[in-house]
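The values are calculated or read from the model by the stated rules, or taken from the named source; none is laboratory data. Values in this document were obtained by computation on a predicted structure and should not be read as measured data. A quick note on method: Cβ atoms are made from the backbone with ideal geometry, for glycine too, and the neighbour counts reach across all protein chains shown. Calculation scope for accessible area: heavy atoms of the full protein, side chains included, ligands and nucleic acids excluded. Shrake-Rupley method; radii C 1.70, N 1.55, O 1.52, S 1.80 Å.
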Amino acid sequence: MNDNERYQRQISLKEFGERGQQKLLSAKVFIAGVGGLGCPALLYLAAAGIGTIGFADDDVVSLSNLHRQVLFSMEDIGMPKAEVAEKKLKQLNSHVTFISYPVKLTNQNVLNILTEYDVIIDGTDNFAVKYLLNDACVLLDKPLIYGSVSKFEGQVAILNVSDEKNVKCNYRDLFAHPPTDEIPNCAEDGVLGVVTGIIGTMQANEAIKLITGIGEPLINRLMIYNSLNSETYIVKISENKDAYISPVNEEEFIKMNYDWLCETNQNVEIIDAIIFRQMLTENNTAFIDVREKDEKPDVHFFHKKIPLSQFENEFKNIDENRIVLFCQTGKRSLKAAQILLNDNEKTKKVYSLKDGILSLF
C-alpha cells in the first residue's frame, strides 16, 4: 500500500505537507499507560504514522475499563493490556513499529525505557507515577505531554520544553507539592468516558504539533476543558520556587521513594473480589470496614468497623496478624493500610480490597 495514499489527507495540508509526514515517520513517541487517555492517543498517533510508538502498562483488561478504553472489547477481558494493544495497533497500521512494555514503570526501569524516545505522553491516573515520569523527563531532557481527567473535566499541557522566553516548566511547577491520598481518583469520583477520549486525542494532537513544528503547542500552558458546557480556558504555567526539589541526578532519582512521596505504599497487597471471598474462610484474619457510619451497602460477613476518621486512634486494638481492609472503592483502605505500615508492625500482613466493597456486588 502506498504511504502517500494512506496519509494523503494530512499531507495535503499546506502547513503540514510531505515534510511534516517525514517528521512523524522519523519520530519515536512513548505513552505511559494504556488506559482512558492512552488508548485514544495510541490510536490516533498510529493512524497518523508516527514511526515508532512505545507504551507501558502492567494491568489486564477489566469490564469497568470498557466505557472509556476504546482499544479493548469484551473478548479482551482478563488479557494483558499491553499485549492486546500491540496486536490491535498493528492491524491499524502495520508500517509503524510498536514496542510494548508489560511492566509497571518504576525508578529502576523508567530511565532506560524513556531514553529511546523523543516525546513522552503521560496517560496515567496515579500521582506517584506522574511525579516519576516528570522527574525522569527532566533528567533526560525529554518533552512531557501531561494529561489528566476527573468527572467531566480534563487537562492538557506540554512540560519540560523551553518557551519563547527560554523558560522550561515541569509538573512540579504546576503541582508544587505531591497531593495527599485524600484527593479522589477516577475510581472514587468517576469520569465520563468521552472526556478521556477528548483529552487523550488532544495529547496526540499536541505531540504531532510538537514533532512537526506546526501551530502553537501548549508549552508552559495548561488547557482545562469542561465537557458540561464545552468551555476551555488556558492557564500560564510559571516556575514555582516553592516546588519540592526533584532529584538532580540518576543516583538521587533511583533512591527516591515515589510511593511514599504520594502517600501510597507498595508493601500493601492489593486483592480482588475472588481472593477476598476466599480469605473470608480463613482463620486469624481481621476484616476491617474503614467506611464511615451508615455508608451503604451493608455487608453480612463478620467484620470490625473502624472508620478511617478514627483509625489512627483505634487500629492498635487489632490483634490478628492478617488484616484485610475495605472501603467503598478501595481508596480509603489504602490510606488505612499506610497508617498500619507506618506503625512498623512488621509481623502483620496487610491487604486492601481492590475497587472496594462495590466489587463484591
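Of the three principal axes defined by the Cα atoms of the range 78-149, the extents in descending order read 34, 27, 26 Å. Mean residue ellipticity at 222 nm, helices only, the chain: -9500 deg cm²/dmol; runs of at least 4 DSSP H residues each add -39,500 (n - 2.57), and the sum is divided by the number of residues.
Please sort 79-86, 166-173, 273-280 by packing, taking for each peptide the average over its residues of neighbouring beta carbons within 10 angstrom, highest first.
79-86, 166-173, 273-280
The phi torsions of the range 326-332, fed into the Karplus equation with coefficients 6.51, -1.76 and 1.60 and a -60° offset, translate into couplings of 8, 9, 6, 10, x, 7, 5 Hz, rounded to whole numbers, with Gly and Pro shown as x.
Return the ratio Rg/(2.2 N^0.38 Å) for the range 224-361, where Rg is computed over Cα atoms only.
Working: Rg = 19.3 Å, N = 138, 2.2 N^0.38 = 14.3 Å.
Relative to the rule-of-thumb radius for its length, the range 224-361 sits at 1.35.
Report note on the peptides 129-139, 89-99, 229-239: ranked by the mean count of other C-beta atoms within 10 Å, highest first, their order is 129-139, 89-99, 229-239. Per residue, the chain exposes an accessible area of 50 Å² to a 1.4 Å probe, with every protein chain left in place. One quarter of the convex hull surface built on the alpha carbon atoms of the range 41-110 amounts to 4.9 nm², the projected area averaged over directions.
For Glu216 and His67, compute 0.36 nm times the residue count separating them, minus their Cα-Cα distance, and round to one decimal in nm.
The span from Glu216 to His67 would gain 50.5 nm if fully extended.
Using the average count of surrounding beta-carbon atoms within 10 Å as a protection proxy, the listed peptides 315-323, 353-361, 152-160 rank, highest first, as 152-160, 353-361, 315-323.
Treating r as the C-beta distance of Lys165 and Glu83 and R0 as 45 Å, the FRET efficiency rounds to 0.55. Taking the accessible area of the range 8-108, probe 1.4 Å, and keeping the other protein chains in place, the carbon and sulfur fraction comes to 54%. Give the angle, between 0 and 90 degrees and rounded to the nearest 10, that separates the Cα long axis of helix 193-212 from the longest principal axis of the Cα atoms of the chain. Rounded to the nearest ten degrees, it is 40.
Just so you know, the averaged projected area of the alpha carbon convex hull for the chain sits at 20.2 nm².
Ligands, DNA and RNA left out, the accessible area of the range 220-334 computed with a 1.4 Å probe is 48% carbon and sulfur. Considering only beta bridges that DSSP places wholly inside the chain, some 35 percent are antiparallel.
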